[in-house]
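Each remark here refers to the structure printed beneath this line.
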Amino acid sequence: MAQIIDGKAISAAIKEELKEKVEKLKEEGTQICLAVIQVGSDPASSVYVGNKKKACAYIGIDSLAYELPEETTQEELLNLIDELNEKEEVNGILVQLPLPKHINEDRIIQAIDPKKDVDGFHPQNVGLLCIGQSGFVSCTPAGIIQLLKRSGIEIAGRECVIIGRSNIVGKPMALLLLRENGTVTIAHSKTKNLQEVTKRADILVVAVGKPKMITREYVKEGAVVIDVGIHRNENNKLCGDVDYDDVAPICSAITPVPGGVGPMTIAMLMYNCVEAGTKR
Ligand code: GUN
């Protein structure tokens, strides 16, 4: 039977480590502060932002919340970012996505000082990751690397297949697995013979955004399966992109939904905030 990769426990361990580090930093006179900006009141975004603020409070990081109305102009948002870039006491700036349609997300991400870009979305941080230098890394893929490492799963030399090529998950995931010496393939909606490709994987990372799409026909026996998806099924229960009940019996390790990848994203955001506060 598969090892169940416990994202809840691993994220809790990381948060404990960070809490201790933040306490020590406080004793040395350093207080870490994250500014969180939300434009509009999308209910899902409000939940995510609330969880980020809660995690900050738990670890001992100050959070500044900016809840701006839907009608906020791009210029107003850029002005706020400029102000926060200049503020010495603010270490991290996070603009919750998606933004309203009249605001250009790329323009906003590029306005954030790369040294305060704790989401790891700024082109400078993406470029640093690409050339193997240190910078902020997107939190979900960084969390997946932690899940693998802390579960004792070897990456070097193994066939890693990622389904999904987004800027936030798929692409940085590929670069991180490559950095760990995996042999990496990115599959996507235009990939031919998807099952043939995914069946090669020793480590399969699934970020397709379709509930329970990945059944055992896509998975090699003994593979490690990481499920990035989160959806509500017809009974209002959470499920992932992977059909867990079908796939779990044939793999060596698997992340559940909920309690797998999800809790790692916030833990890694907190990790990036602590890095932002210590590497000035
Ligand atoms: N919206 C959904 N996920 C994220 C994330 O990781 N960061 C930001 N800023 N917005 C998001």
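Does V95 qualify as being touching a Gly at 6+ places or on another chain (Cβ under 6 Å) and within 13 Å of the ligand (Cβ to nearest atom)? Walk me through how you get there before you give the answer.
Details: touching a Gly at 6+ places or on another chain (Cβ under 6 Å): no; within 13 Å of the ligand (Cβ to nearest atom): yes.
No.
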Next item on the list: Give G157, G152 a once-over and let me know the one that is within 22 Å of V184 (Cβ to Cβ) and either touching a residue at least 24 places away in the same chain (Cβ under 8 Å) or among the acidic types (D, E) (or both).
Entry: G157
Checklist line | Criterion: more than 28 Å from I4 (Cβ to Cβ) and touching a Leu at 6+ places or on another chain (Cβ under 7 Å) - qualifying residue of A187, A111 | finding: A111
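With respect to I32, is the statement that it is within 15 Å of the ligand (Cβ to nearest atom), crowded, with 16+ Cβ neighbours inside 10 Å and in contact (Cβ under 8 Å) with a residue 12 or more places away in the chain true? Step through it out loud before you land on a result.
Working: within 15 Å of the ligand (Cβ to nearest atom): no; crowded, with 16+ Cβ neighbours inside 10 Å: yes; in contact (Cβ under 8 Å) with a residue 12 or more places away in the chain: yes.
So I32 does not fit the description; no.
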Check: Looking at (1) surrounded by 15 or more Cβ atoms within 10 Å (Cβ to Cβ); (2) more than 10 Å from the ligand (Cβ to nearest atom); (3) closer than 18 Å to S138 by Cβ, can you tell me which one P100 breaks?
Finding: (3)
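Could you list all residues from segment 40-57 that are over 19 Å from the mean Cα position of the chain (by Cα) and surrounded by 14 or more Cβ atoms within 10 Å (Cβ to Cβ)?
Just the residues of segment 40-57 that are over 19 Å from the mean Cα position of the chain (by Cα), to begin with: 40-43, 57.
Of everything in segment 40-57, those that are over 19 Å from the mean Cα position of the chain (by Cα) and surrounded by 14 or more Cβ atoms within 10 Å (Cβ to Cβ) turn out to be G40, D42.
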Margin query: Residues that are more than 30 Å from S252 (Cα to Cα), within 16 Å of the ligand (Cβ to nearest atom), within 20 Å of the chain's Cα centre (by Cα) and not basic (K, R): does segment 64-73 have at least one?
Written below: no
Item checked: Residues located in segment 248-273, provided they are buried (at least 24 other Cβ atoms within 10 Å of the Cβ), away from the ligand (no atom under 16 Å from the Cβ) and not in a loop (DSSP other than H, G, I, E, B) -> I254
Notebook entry, point to check: Among the residues of segment 48-103, which ones are under 11 Å from V36 (Cα atoms) and among the acidic types (D, E)?
Noted result: D62, E67
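For the condition farther than 27 Å from E75 by Cα, more than 15 Å from the ligand (Cβ to nearest atom) and not polar (S, T, N, Q), what is the one hit in G143, G135?
G135
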Check: Residue check, N167 against (1) surrounded by 16 or more Cβ atoms within 10 Å (Cβ to Cβ); (2) within 14 Å of the ligand (Cβ to nearest atom), all met but one. Which one?
Finding: (1)
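Kindly indicate which of G92, G135 is free of Cβ contacts under 8 Å to residues at least 40 places away in the same chain, under 23 Å from I61 (Cβ atoms) and touching a Leu at 6+ places or on another chain (Cβ under 6 Å).
Details: G92 fails: free of Cβ contacts under 8 Å to residues at least 40 places away in the same chain.
Only one candidate qualifies: G135.
Hey, does segment 173-187 have a residue that's closer than 21 Å to G229 by Cα and assigned to a loop (DSSP other than H, G, I, E, B)? Give the steps one after another, and end with the answer.
Residues of segment 173-187 closer than 21 Å to G229 by Cα: 173-177, 184-187.
Applying the additional criterion that residues be assigned to a loop (DSSP other than H, G, I, E, B) yields none.
There is no residue in segment 173-187 that is closer than 21 Å to G229 by Cα and assigned to a loop (DSSP other than H, G, I, E, B).
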Notebook entry, point to check: Counting only residues that are among the acidic types (D, E) and not in a strand (DSSP E or B), which one in segment 224-247 is modelled with the lowest pLDDT?
Noted result: E234
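Inside segment 170-183, can you point out the residues that are of a type in the set (K, R) and surrounded by 18 or more Cβ atoms within 10 Å (Cβ to Cβ)? Talk me through it step by step, then tell me what you get.
Taking segment 170-183 first, the residues of a type in the set (K, R) are 171, 179.
Selection gives K171 alone.
The values are calculated or read from the model by the stated rules, or taken from the named source; none is laboratory data. Quantities reported herein were computed from a predicted structural model and do not represent experimental measurements. With ideal geometry, Cβ positions are generated from the backbone for all residues, glycine too; neighbour counts draw on all protein chains shown.
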